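Here is the structure we will look at, set down as structure tokens.
The values are calculated or read from the model by the stated rules, or taken from the named source; none is laboratory data. Because the structure is predicted, anything quoted here is derived from the model rather than measured. Calculation scope for accessible area: heavy atoms of the full protein, side chains included, ligands and nucleic acids excluded. Shrake-Rupley method; radii C 1.70, N 1.55, O 1.52, S 1.80 Å.
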Amino acid sequence: MYELLIEKWLKRLSLKDINDFANKNGMPLKKGEDKTIYDFIIKYWKEVYKGEANKALLKLKPVVSQSTYNNVLKLYNDFKDKIK
């Protein structure tokens, strides 16, 4: 059931949403990283959802800046801990 809700939500996800979220969380993105993160989310969300987040996030590391990657990891861990 949750997977269906996530899929529906992802269909409405935009680059503006990604940029707004990044800026709101003090992590402005470098040019083109919004699209890279969008593509990553669309392609790997199920891996993250099913508990393979670290494995999936390693695929993001070579395609974004080190600071963006570190920020993504921090935000992931912060939000993951809030859900528990």
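Calculate log10 I(q)/I(0) of the chain for q = 0.11, 0.16, 0.22 Å⁻¹, where I(q) comes from the Debye formula with a single equal point scatterer on each Cα and nothing for solvent.
-0.28, -0.62, -1.25
When the helix-only estimate is applied to the chain (DSSP H runs of n ≥ 4, each -39,500 (n - 2.57), divided by the residue count), what is the mean residue ellipticity at 222 nm, nearest 500 deg cm²/dmol?
Numbers: 5 runs with 64 residues, N = 84.
Helices in the chain give a 222 nm mean residue ellipticity of -24000 deg cm²/dmol.
Using a probe radius of 1.4 Å on heavy atoms only, what accessible surface per residue do you get for segment 11-67? Whole Å² is fine. Could the numbers behind the result be given before it?
Details: 3940 Å² over 57 residues.
That works out to 69 Å² per residue.
Heads up, I need the accessible area for D17: 1.4 angstrom probe, whole protein in place, Å², nearest 10.
It works out to around 70 Å².
Please tell me the relative contact order of the chain in percent, rounded to the nearest whole number, where contacts are Cα pairs under 8 Å and at least six residues apart. Walk me through the intermediate numbers first.
On the way: 31 pairs, mean separation 19.0, N = 84.
Value for the chain: 23 percent.
Carbon and sulfur: what percent of the chain's accessible surface (1.4 Å probe)? Walk me through the numbers before you get to the answer.
Working: 3550 of 6180 Å².
Carbon-and-sulfur percentage of accessible area, whole number: 57.
With springs connecting C-alpha atoms under 10 Å apart, model the chain as a Gaussian network and identify which of K35, K74, K46 has the largest mean-square fluctuation.
K74
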